[in-house]
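Peer 1: Structure provided below as structure tokens; questions to follow.
The values are calculated or read from the model by the stated rules, or taken from the named source; none is laboratory data. Being a predicted model, the structure only gives us computed values, none of them experimental. Note: ideal-geometry Cβ built from the backbone for every residue, glycine included; neighbour counts use all protein chains shown.
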Amino acid sequence: MKWAAAISRNTSIEVAIQECSESVRRDLGPGEVSLAVLFVTPHFAAYYPRICGLISDLLGPETIIGCSGGGVIGGGEEVEHSPALSLVAARLPAVGVKPFRVDGPLPDLDGPPDAWEALIGVSAGEEPQFILLADPFSVRAEALLSGLDYAFPASPKIGGLASGASSPGLNALFLDGELFDGGAVGVALTGDIAVDTVVAQGCRPVGDLMRVTSCEENMLHELDHRPAFEVLQELFASFDERDRGLAQTSLFAGILMDELTEEPRVGDFLIRNLIGADPRRGAIAVGENLQEGMRLRFHLRDAETSAEDLHAMLTGYEKTISDNGSPTGALLFSCVGRGEYLYGRPNFDTGIFQDHLGGVPVGGFFCNGEIGPVAGTTFLHGYTSSFGLFRPRH
């Protein structure tokens, strides 16, 4: 198994594709290319219909998947707000690459899982590993992820929502020579391949870990039998000046995903937005349906915390390499709200990745939502960097 990644800032689509194709071909060496994953900025929208054909002519991959992105990542660079194309390619011996497209109504979660297997074209027994790209305007992404988890509970799913468009019909999804402006595309990888996942949500806990004692859907009424809004007011009053400033825009709810965890750490919480408050009723609206008995802790996000979180998650991953084997390639799905907007300088997340994993080729894009697991369940995230790291299974 071998991976390569490249990026081009050339404003000619033909030259950009040629530069990236020649670079990955040089790194992969002779032989067939099993998979090409491409990400392209909307500056090239007029050329979307030609992109797969150009890559096929130059690289000849068996399968092509990709999408548009407001920014793209590859070759150690993160390009935002400028024309660029990123290409990741892999030679995958002993690996099956099954492309699929999802459009229209999804199977019922109350029905048998084989309806989902038929939709994707693989069985759970094949232990598929998923890469998934979707259009945020036309797909119920969370319902899709719930269905895939239902049918393929042991399979990792990694990916993101296409970006770079502000209205329906303007995003691009690429799959084996075809161009789509809606739905979802993906590949199911089977055989001698494993996808490890690292999801860095970039937050630090504040306040106490508390239990949800009253809620209704996404409305949080009580924490430890106290009005949730009152708890939040007390927490805000305890902050120093800097954290009070952060709390105005960057305060979140962290839901502990494993109730058996005694001492929660980074990565144990699902981070969700606070989307409103009702002081009269003492309630807070959270961007996730809640259940009584859940444990919750508030979190703050800033550039420093995001960097520390990513370092911590990748350090934890490094400790698994001696047992599981080293990755040979990676995909990075990062939020459009990270990058230079958050850190004030370019190439931040990829720089940290290289600090920890050296020359592992990595490519990706800035998403409108990032797909990755927390405690074994796949979620659609925001403000997150979600990595898929590929290695032989055996």
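Peer 1: Can you report the number of residues in the stretch 296-326 which are among the charged types (D, E, K, R) and touching a residue at least 60 places away in the same chain (Cβ under 8 Å)?
Peer 2: The total comes to 4.
Peer 1: Being aliphatic (A, V, I, L, M) and not in a helix (DSSP H, G or I) is the filter here; which residues of the stretch 277-308 pass it?
Peer 2: We begin by selecting, within the stretch 277-308, every residue aliphatic (A, V, I, L, M); these are 277, 283-286, 290, 294, 296, 300, 303, 307.
Hits for the stretch 277-308 are A277, A283, I284, A285, V286, L290, M294, L296, L300.
Here's the yes/no breakdown for (1) over 17 Å from the mean Cα position of the chain (by Cα); (2) at positive phi; (3) part of a helix (DSSP H, G or I); (4) in contact (Cβ under 8 Å) with a residue 12 or more places away in the chain:
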| position | (1), (2), (3), (4) |
| --- | --- |
| I131 | no, no, no, yes |
| S138 | yes, no, no, yes |
| L144 | no, no, yes, yes |
| G159 | no, yes, no, yes |
| V187 | no, no, no, yes |
| G202 | no, yes, no, yes |
| P205 | yes, no, no, yes |
| C215 | yes, no, no, yes |
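Peer 1: Quick check on the stretch 340-358: of everything there that is of a type outside the set (A, V, I, L, M) and either closer than 16 Å to G316 by Cα or under 14 Å from the mean Cα position of the chain (by Cα) (or both), which residue is surrounded by the most Cβ atoms within 10 Å (Cβ to Cβ)?
Peer 2: Per the criteria, the residue is D349.
Peer 1: Looking at the stretch 284-313, which of its residues are under 20 Å from Q354 (Cβ atoms) and crowded, with 19+ Cβ neighbours inside 10 Å?
Peer 2: Correct list: S306, D309, L310, M313.
Peer 1: Now a separate question. Spot the failing condition for E318; the list is (1) charged (D, E, K, R); (2) at pLDDT 90 or above; (3) closer than 27 Å to L246 by Cβ, and only one is missed.
Peer 2: Answer for E318: the failing condition is (3).
Peer 1: Restricting attention to the stretch 341-354, report how many residues are in a helix (DSSP H, G or I) and out of contact with any helix residue (DSSP H, G or I) (no Cβ under 8 Å at 6 or more places or on another chain).
Peer 2: Selection size over the stretch 341-354: 4.
Peer 1: Tell me the residue from P83, P61 that is surrounded by 15 or more Cβ atoms within 10 Å (Cβ to Cβ), in a loop (DSSP other than H, G, I, E, B) and touching a residue at least 60 places away in the same chain (Cβ under 8 Å), please. Can you show your working first?
Peer 2: Numbers: P61 fails: touching a residue at least 60 places away in the same chain (Cβ under 8 Å).
Just a single option satisfies the conditions, and that option is P83.
Peer 1: Another question, then. Testing R101 on (1) in a strand (DSSP E or B); (2) among the charged types (D, E, K, R); (3) without any contact (Cβ under 8 Å) to a residue 60 or more places away in the chain, one condition comes back false. Which one is that?
Peer 2: Failing condition for R101: (3).
Peer 1: Is it true that G96 is more than 19 Å from the chain's Cα centre (by Cα), among the small types (G, A, S), surrounded by fewer than 24 Cβ atoms within 10 Å (Cβ to Cβ) and in a strand (DSSP E or B)?
Peer 2: yes
The rows are residues; the columns are (1) at pLDDT below 95; (2) part of a strand (DSSP E or B); (3) farther than 20 Å from E304 by Cβ.
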| site | (1), (2), (3) |
| --- | --- |
| V195 | no, yes, yes |
| G245 | yes, no, no |
| T249 | yes, no, no |
| L260 | yes, no, yes |
| P264 | yes, no, yes |
| I271 | yes, yes, no |
| I275 | yes, yes, yes |
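Peer 1: Just for the stretch 355-375: of the residues that are part of a strand (DSSP E or B) and farther than 17 Å from A84 by Cβ, which one is modelled with the lowest pLDDT?
Peer 2: V374
Peer 1: All but one of (1) assigned to a loop (DSSP other than H, G, I, E, B); (2) touching a Gly at 6+ places or on another chain (Cβ under 9 Å) hold for G31; state the number of the condition that does not hold.
Peer 2: Only one criterion is unmet by G31, namely (2).
Peer 1: Yes or no: the stretch 79-86 includes at least one residue that is closer than 14 Å to N171 by Cβ, within 18 Å of the chain's Cα centre (by Cα) and among the polar types (S, T, N, Q).
Peer 2: no
Peer 1: Consider A188 against the criteria (1) within 25 Å of V40 (Cα to Cα); (2) among the aliphatic types (A, V, I, L, M); (3) surrounded by fewer than 18 Cβ atoms within 10 Å (Cβ to Cβ): it satisfies all of them except one. Which criterion is unmet?
Peer 2: That leaves (3) as the condition not met.
Peer 1: Identify all residues within the stretch 267-293 that are in contact (Cβ under 8 Å) with a residue 60 or more places away in the chain and either basic (K, R) or within 20 Å of S386 (Cα to Cα) (or both); write none if there are none.
Peer 2: The first filter runs over the stretch 267-293 and keeps only residues in contact (Cβ under 8 Å) with a residue 60 or more places away in the chain, leaving 267-271, 273, 281-293.
Matches in the stretch 267-293: G267, D268, F269, L270, I271, N273, R281, G287, E288.
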